[in-house]
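Data block below; observations after.
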Amino acid sequence: MTKEIVGSSTATEIAGIMTMFGEFYNEVTTAFLSNRLSLKYQQTTSELSKRLRQRLARAYDSAAEFTGKEALAVQSVAINLSKIFYDLLRLSGNVESKVREKIIFSDAATTEITEVMRRTGELIPHVADAILTSNPLIVSHVEKETEALGLAVQNCIKAHEDRLCRGICNPKASVIFMLMTQQLQDILWHYQALVGDHHGTPAKTQ
């Protein structure tokens with residue numbers, strides 16, 4: 001981001017959005033690992049969804065405060081943040097379906113997707129720092145980690161397909177697993193797009 005944007009209310013909105021993404025993502029991960037939809041999960045995700053919609057709209061509208069490259073940069077960030085938000089909603093929806101329908105993943109599938117979810121969540125504050133500071137070391141870290149995670153997701157999919165071929169995978173679990181891996185891939189792609197605005201062009205992981 002340029003200095004004009006870093007010192008503005010737009011930067012405050014972006015920082016707030018990324019913090020709420022982290023809170024939302026943690027609730028989804030906890031629900032997945034515990035295989036339970038707690039009252040806290042339901043209240044927190046509902047409230048965060050409302051607040052995120054408001055902040056995302058404000059972030060996009062704030063582009064009107066700038067001109068030229070600054071305005072385009074704000075719009076690009078706001079669009080990618082909105083896409084991450086809807087990816088998170090889809091991910092949470094599939095976790096909720098898994099829990100409500102009592103769908104059980106194999107130990108291998110649980111281990112594989114848990115690791116990817118953990119590392120994807122841990123990247124959120126680094127992506128925020130990359131957006132707001134354009135620090136080349138942070139940008140490079142996010143790029144390398146998203147690339148590694150993209151490969152990890154592909155390995156998850158290949159291992160899952162092998163289990164499916166061997167007939168040791170529940171068909172309902174298979175559908176949820178594949179949807180979750182797709183949503184994680186999409187989140188990683190938007191991470192790359194966000195940091196790519198500050199350092200070259202992102203290499204798509206899908």
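Computed from the coordinates by the stated procedures, all read-outs in this text should not be read as laboratory data. Quick caveat, the model's predicted, so the values are computed rather than measured. Cβ sites come from the backbone with ideal geometry, for glycine too, and all protein chains shown count toward neighbours.
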Please arrange Arg118, Arg58 by counting, for each residue, the other beta carbons lying within 10 Å of its beta carbon, fewest first.
-> Arg118, Arg58
Sorted by Cβ neighbour density within 10 Å, fewest at the top, the residues Ser34, Ser82 = Ser34, Ser82
By how many nm would the segment from Arg119 to Lys102 grow when fully extended, if each residue of separation counts as 0.36 nm and the alpha-carbon distance is taken off?
-> 3.6 nm
Partner aspartates and glutamates whose C-alpha sits under 15 Å from that of Lys50, ignoring same-chain residues fewer than 8 away, are Glu13, Glu23
For Arg166 and Ser134, FRET efficiency with R0 = 45 Å and r from the beta-carbon atoms, rounded to 0.05?
-> 0.45
Expected 222 nm ellipticity per residue - DSSP helices of 4 or more, -39500 (n - 2.57), all of the chain, to 500 = -28500 deg cm²/dmol
For Glu23 paired with Ala71, estimate the spin-label separation in nm (one decimal), with each label point 7 Å from Cα along the Cα-to-Cβ line.
-> 3.3
For segment 3-196, what's the relative contact order in percent, using C-alpha pairs closer than 8 Å and at least 6 residues apart?
-> 28
Order by neighbour count: Ser174, Ser97, fewest other Cβ atoms within 10 Å first, most last.
-> Ser97, Ser174
State which helices in the chain qualify, where a helix is a whole DSSP H run, it must extend 30 Å or more along its own axis by its Cα atoms, and its mean Kyte-Doolittle hydropathy must be at least -0.5.
-> 9-34, 68-100, 136-165, 171-196
Taking the Cβ-Cβ separation of Leu89 and Thr12 as r and a Förster radius of 22 Å, what is the calculated FRET efficiency to the nearest 0.05?
-> 0.40
